[in-house]
Amino acid sequence: MEENFYENEEKVDGYAEFTPTHDGTLLIDVLGEYLPEAAAVLELGMGPGKDFKKLSQRYRVTGSDFSQLFLQRYREQDPAADLLRLDARTLETDRTFDAIFSNKALIHLSSDELQQSFERQHELLNDNGLILHSLWFGEGERSFNDLTLVYHNEQDLTKMLETSFDIVALEKHAKMSDDDSIYVLARKK
């Protein structure tokens, strides 16, 4: 994970400016088809909090990020927000959730780290809990603005999840261009 990037105020400002119109409305709507309102949801990598705000309209949401800077900035806007500082690789909390959500927050994890995260997410989910994650679609890694971006395809994600989750949906979608992204919705076995 890119630990120093998201603690740099200039880079955090640049990230927030780069993503002003990119939110997870599509993903939140998909989640809404399977998860009842008022369910407990953990958002991984909440960044500036756009999806956190949208999720909060339907669910009891706990926002998380590895960046103390993102958490601090959001807490200034909403002091009552339920926020945790979590590393998406290890997810060191004893709380449990009905769903775990991320919108491009796990894109910096290597395949091994993502597998580790999925295993830990399984432990944090209540019975029949859901995960919904959006990732870059493709293969390999690319560098962008001092960050490593890891790409995944249907086969990668199925292999990582099949022992602990039933895949409900695995769909390509557009984030910045056609079919540049993939989301996976899966239920805890």
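Where a number appears in this text, it was derived from the coordinates with a stated rule and is not lab data. Everything numeric here is computed off the predicted structure, so don't read it as measured data. Here the Cβ positions follow ideal geometry from the backbone for every residue, glycine too, while neighbour counts run over all protein chains shown.
Taking other Cβ atoms within 10 Å as a rough exposure proxy, Ile107, Ile131 sort from fewest to most as Ile107, Ile131. Annotation: amide H of Leu86 within the under-5 Å range of Asp65, Phe66, sequence separation 5 or more or interchain, hydrogens built in the peptide plane. Phi-derived couplings, Karplus 6.51 cos²θ - 1.76 cosθ + 1.60 at θ = phi - 60°, listed residue by residue for region 179-189: 6, 8, 9, 9, 10, 10, 10, 9, 10, 4, 7 Hz, with x used for Gly and Pro. DSSP beta bridges fully contained in the chain are about 50 percent antiparallel.
By the count of neighbouring beta-carbon atoms within 10 Å, fewest first, His108, His133 end up ordered His108, His133. Any of Lys53/Lys104; Lys53/Lys188; Lys104/Lys172; Lys50/Lys172 with alpha carbons more than 18 Å apart? Name them for me. Over 18 Å Cα-Cα: Lys53/Lys188; Lys50/Lys172. Remark: relative contact order (the chain) = 18 percent; criterion is Cα-Cα distance under 8 angstrom and separation of 6 or more residues.
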